[in-house]
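Heads up: the structure comes next, in structure tokens.
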Amino acid sequence: MSSPVATAPLQEALPREPIREGITDEIKDRYSRQILFPGIGAEGQQRLARAHVAIVGVGATGAAAASLLARAGVGHLTLIDRDYVESSNLQRQILFDEADALAALPKAEAARRKIALFNSSVQVDAHIADLVPANIHELLGPAHLVLDATDNFETRYLVNDLCVETGKPWIYAAAIGGYAATMNVLPKGSAYEPTACLACLFPKPPSGPVETCDTAGILSTAVNYAASIQVTEALKLLTGQPEKMRRTLLSHDLWTNEFSQISTAKPGPGCAVCGRREFAHLAGVGRPHITLCGRNSVQIHEHHRPVDFARMRERLARHTDLEDLRSNDLLLRFRRGPHTVTLFPDGRALVQGTTDIALARTLYARFIGS
Ligand SMILES: [Zn+2]
């Protein structure tokens, strides 16, 4: 394995020196087919065990990526997701099952439980949270690599800001309809020869309505294909072979067979983020309320304070117009007419059945409190 130019942050994080201690028989057996693959080998396997990857979003792409990384023996995963499992997820989100949907289990926690069943040696930190400027340093800081598996550009630009700021590699992945796209971002100041960042290619997030899974649908194969490429690139990085990583934005429509690649080999001249180091998204400039992909729902996160579910439930039980009021340790939920409100312990709520932010806010203020 070659040693690329190493600088401070990742030199410590992903050690370059040869691993001297032997590999146990248990690991040799469990990962035998992967160790046989010359690109990984015994040393690569040991490097994977020491690696820490954060996955932002545990929907279809994130569930596939988490499953692939955990099965490959990546030792530590941080999973961040703000959403819960529903039956319409099961078509493509391969870590979840009908019991998870029935229990409306938060995706990060459902993924953690599922991974423990097939690879109990992987440390999984599950965060039921929205990734925002206030928590991004804490949640992504310790990871060697960040995988984007979000459904929105707001979060992607936030991840790009953080990773460029701290010199942390990240891998973009997206899928919509039958189309998949992915791109490696090795920022300036990381241990690697830098690539373009997201803002080099697309200086601004798309404005106006963008197609989502809600409007265009999604093929399970497209999203799992994006995750497969993303995780393969991750394995190259984590085993110390960044020179093998693709330096293009790859787009492939699996249905129409259109395939294209745009070079990302060099950072763009004059990029505001990786050139001028202006981190507007990290600073929280213009952060809107977020409408979720494929969900006809609005997220409200105005009150960052813990909620006492038992007291809240008691209070809500007095409202005769609320149905299906239930709660567990992870969420509280009720239905009112066509709207379902799901409240998380940190005060964040998802109002489902509308994209009207004002209406969602009214429901929140009335039933949860302002
Ligand atoms: Zn850039």
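The values are calculated or read from the model by the stated rules, or taken from the named source; none is laboratory data. Please read all numbers here as calculations on a predicted model, not as lab measurements. Cβ: placed from backbone, ideal geometry, glycine included. Neighbour counts: every protein chain shown.
Results for (1) closer than 16 Å to Cys271 by Cβ; (2) out of contact with any His (no Cβ under 7 Å at 6 or more places or on another chain); (3) part of a strand (DSSP E or B); (4) not acidic (Asp, Glu), shown as yes or no for each residue.
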| position | (1), (2), (3), (4) |
| --- | --- |
| Ser120 | no, yes, no, yes |
| Asp125 | no, yes, yes, no |
| Leu131 | no, yes, no, yes |
| Leu139 | no, no, no, yes |
| Glu165 | yes, yes, no, no |
| Ile176 | no, yes, yes, yes |
| Thr182 | no, yes, yes, yes |
| Lys188 | yes, yes, no, yes |
| Tyr192 | no, yes, no, yes |
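Across the range 65-92, the number of residues qualifying as part of a helix (DSSP H, G or I) and within 11 Å of the chain's Cα centre (by Cα) comes to 2.
Could you tell me whether any residue of the range 152-169 is over 15 Å from the mean Cα position of the chain (by Cα), small (Gly, Ala, Ser) and more than 28 Å from Ser220 (Cα to Cα)? Within the range 152-169, one or more residues are over 15 Å from the mean Cα position of the chain (by Cα), small (Gly, Ala, Ser) and more than 28 Å from Ser220 (Cα to Cα).
Before we move on, is Pro205 assigned to a loop (DSSP other than H, G, I, E, B) and over 30 Å from Glu17 (Cβ atoms)? Yes, satisfied. Residues in the range 184-204 that are more than 12 Å from the ligand (Cβ to nearest atom) and at pLDDT 95 or above: Asn184 only.
Here is a list: Ala174, Ala181, Ala143. Which entry is closer than 18 Å to Leu237 by Cα and of a type in the set (A, V, I, L, M)?
Ala143
Can you tell me which residue in the range 160-183 is nearest to Val58 (Cα to Cα), limited to those that are out of contact with any helix residue (DSSP H, G or I) (no Cβ under 6 Å at 6 or more places or on another chain) and within 13 Å of the ligand (Cβ to nearest atom)? Per the criteria, the residue is Tyr172. Among the helices (runs of 4 or more DSSP H) confined to the range 209-320, the ones with at least 1 residues that are modelled with pLDDT of 95 or more are located at 220-238. All of Ala64, Ala42, Ala72 fail the test of being free of Cβ contacts under 8 Å to residues at least 40 places away in the same chain and of a type in the set (Gly, Ala, Ser), apart from Ala42. Can you confirm whether Ile128 is in contact with a Pro (Cβ under 6 Å, 6 or more places away or on another chain), assigned by TED's automatic domain parsing to the domain that holds Leu162 and within 25 Å of Ser297 (Cα to Cα)? Spelling it out, Ile128 is indeed in contact with a Pro (Cβ under 6 Å, 6 or more places away or on another chain), assigned by TED's automatic domain parsing to the domain that holds Leu162 and within 25 Å of Ser297 (Cα to Cα).
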